[in-house]
Amino acid sequence: MKISRLLITVALTVVVLSAPIMTNAVTVPPDHASLLLGKINDYRTQNGLRKLEVDDTLKNLAIKHSMDMGMHKKLTHTSSDGTTFEQRMKKSGLKYTTAVENVASNKGYRDYAQVCFDSWKNSPPHKANMLNTEITHAGVALAQSSDGTMFATFDAMGLVGSAPKVVNKSSTKVELLQNQKKIFTVQIKNTTKKTILVNTIAVHQSGSGWLSVTPSKSYIASEKSISFIVTVSSGTQKSGIYKGKIRFTVGNELWDYWYELKIMTKTSSTASECDFSVIWDTKDKKPPVIELCSGDEGVCTFLISNNSATQTMTFTITSTFFETFKVIAPPYTVQSIEVTTPTFQQGDKQASWVLSVKADCDQSKQISFTTKQKSDCK
C-alpha cells in the first residue's frame, strides 16, 4: 500500500556520554511505554484530537526497533539490517492510509517518558507527528542499552476505514476592543436515521481562554438540530492577533470552525457598560420564516447576549402578540428566549412580526420573523 504522507524525523536527542561498555544486553522497562503513550494521548485530547488506540503489530514493530537501536547504541530510523520505517510498515501487512514515526534517546533521567515527550513536543516535526489528524492507532516502546541509554520509538498509522475526515467549515475574523465579546451560533442538524453524539472543544493556536463553546457535548436525535454557542472574548488580553478553532467531532468527521481575533489597543468603557446583541438562533442568523396551517402555532428561538464585562443587564421584551416580560442576564452570558408565534388564522397568507428588546441602559434592538401558509394544508 502506498503511504499518502510519511513523516520520518529524528527527535531531539538528550544524551549523556559515557565510556563504551562491550556488551549487547538490552532491557525493556515495563511501564515507560504506557506512560509515554498516555502523555501523547493527553496532548492530543488537549488539542481536540481523539486518543490513539494500541495496535499490537505496531507495538511489536516499535519494540523491535527500540531494542535494535539499544543493541547498537545508535539513534536511527533505519534498522541494523538496512530496512527503513517505510519498508518495515510494508512488511507488516497492515492496511493504512498514512504512517509516522518518532524516535528519541536519553540517558541519566528518572522519568524517561516525560523527557522523551518533552523533546518531541519541542520539535516541530515530531510535534506534528503526535498531533497528526489522520492517525488512529499507535505502538510505543522503550529499550535500555547496556550503558543506560534509553531508546524510544513511537510508530503510528491511520487505519484504513478508521481515520477521521477533517472538514474546514468556516473561517471568521473578529475585531474587538478590550473587555468586549461577540457571540456566534453553530447549528448542527442530524440528517441520519439514528441519534448521534457531537463533542466540542476550543483549540487555541495563540493566546488562551478567548475562545469557548457550549455545550461541550450533546446528543442529537434523528432529523433534529441543536445550536452550539461560540463566544469570542477579548477580556484584558494584550492587543494583537489570536487564532484558534472550535472543533466538532461528529462520528468519523472532525469539523473545524476557525476564528481569528484582533484586539485593538484602545479600551472601551461604554461597550462594557451597555453592550448587547440579539440574534435569531437559526443556521444563517436570518429571520425565520415559519410555515403554518390554520389554527397552528409555531415556535422560534432567539439569543440575547450581554457583552458587558461588569454589568448585569435587564432586558424588556415586547411585541403585539404576547405580554411584555423581562429577562435578567449577568455579565458575559447568553440567554435563550423561546417565543410562540400567533395562531395562524384561516385566510391568512403571510404576516410579519416584530419583537423589541430594550436594555435597562435605554438602548433597544428589534428583530422580526414571518409566518406564512403551508402549501400542503388540508
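Among all residue pairs at least 6 apart or on different chains, which show Cβ distances below 6 Å where the first residue, located in the stretch 76-92, is among the aromatic types (Phe, Trp, Tyr) and the second is open to solvent by less than 40 Å² (accessible area, probe 1.4 Å)? Close Cβ pairs (under 6 Å, with a partner that is open to solvent by less than 40 Å² (accessible area, probe 1.4 Å)) amount to PHE85/HIS77; PHE85/GLU101.
Just one of the numbered conditions (1) in contact (Cβ under 8 Å) with a residue 40 or more places away in the chain; (2) open to solvent by 10 Å² or more (accessible area, probe 1.4 Å); (3) within 21 Å of the chain's Cα centre (by Cα) is not true of ASN129: (2). The residues in the stretch 46-57 that are without any contact (Cβ under 8 Å) to a residue 60 or more places away in the chain and either crowded, with 16+ Cβ neighbours inside 10 Å or assigned to a helix (DSSP H, G or I) (or both) can be counted, and the count is 1.
Here is a yes/no grid of residues against (1) among the hydroxyl-bearing types (Ser, Thr, Tyr); (2) open to solvent by less than 60 Å² (accessible area, probe 1.4 Å):
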position	(1), (2)
ILE196	no, yes
LYS217	no, no
ALA221	no, yes
SER227	yes, yes
SER234	yes, yes
LYS243	no, no
VAL250	no, yes
PHE276	no, yes
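Per the listing THR343, THR318, the residue uniquely surrounded by 13 or more Cβ atoms within 10 Å (Cβ to Cβ), β-branched (Val, Ile, Thr) and touching a Gly at 6+ places or on another chain (Cβ under 8 Å) is THR343. Within the stretch 58-94, the set of residues being among the aliphatic types (A, V, I, L, M), farther than 15 Å from ALA156 by Cα and assigned to a helix (DSSP H, G or I) comprises MET67, MET69, MET71.
Does LEU61 satisfy the condition of being touching a Lys or Arg at 6+ places or on another chain (Cβ under 9 Å) and open to solvent by 10 Å² or more (accessible area, probe 1.4 Å)? So LEU61 fits the description; yes. The set of residues from the stretch 177-227 being under 19 Å from SER239 (Cα atoms) and among the hydrophobic types (A, V, I, L, M, F, W, C) comprises LEU177, TRP210, LEU211. So GLN311 passes all but one of these: (1) more than 30 Å from VAL203 (Cβ to Cβ); (2) surrounded by fewer than 17 Cβ atoms within 10 Å (Cβ to Cβ); (3) modelled with pLDDT under 85; (4) of a type outside the set (A, V, I, L, M, F, W, C). Which condition number does it fail? Unmet for GLN311, out of (1) more than 30 Å from VAL203 (Cβ to Cβ); (2) surrounded by fewer than 17 Cβ atoms within 10 Å (Cβ to Cβ); (3) modelled with pLDDT under 85; (4) of a type outside the set (A, V, I, L, M, F, W, C): (2). Is one or more of the residues making up the stretch 117-126 open to solvent by 20 Å² or more (accessible area, probe 1.4 Å), assigned to a helix (DSSP H, G or I), under 16 Å from ALA141 (Cβ atoms) and at pLDDT 90 or above? Looking through the stretch 117-126, none of the residues is open to solvent by 20 Å² or more (accessible area, probe 1.4 Å), assigned to a helix (DSSP H, G or I), under 16 Å from ALA141 (Cβ atoms) and at pLDDT 90 or above. Scanning the stretch 155-181 for residues that are within 30 Å of GLN311 (Cα to Cα), open to solvent by less than 30 Å² (accessible area, probe 1.4 Å) and among the charged types (D, E, K, R) gives a single hit, LYS181. Scan the stretch 313-363 for residues that are free of Cβ contacts under 8 Å to residues at least 12 places away in the same chain and within 35 Å of the chain's Cα centre (by Cα) and the total you get is 0. Among residues of the stretch 83-116 being open to solvent by 60 Å² or more (accessible area, probe 1.4 Å) and farther than 18 Å from VAL140 by Cβ, the one that is nearest to the chain's Cα centre (by Cα) is LYS95. Is the stretch 205-213 home to any residue that is over 13 Å from the mean Cα position of the chain (by Cα) and buried (at least 18 other Cβ atoms within 10 Å of the Cβ)? Yes.
The values are calculated or read from the model by the stated rules, or taken from the named source; none is laboratory data. Since we're looking at a predicted model, the values are computed, not measured. Here Cβ is always computed from backbone atoms with ideal geometry, including for glycine, and neighbour counts include all displayed protein chains. Remember, those area values only see protein heavy atoms, side chains included, never the ligands or the DNA or RNA. Shrake-Rupley method; radii C 1.70, N 1.55, O 1.52, S 1.80 Å.
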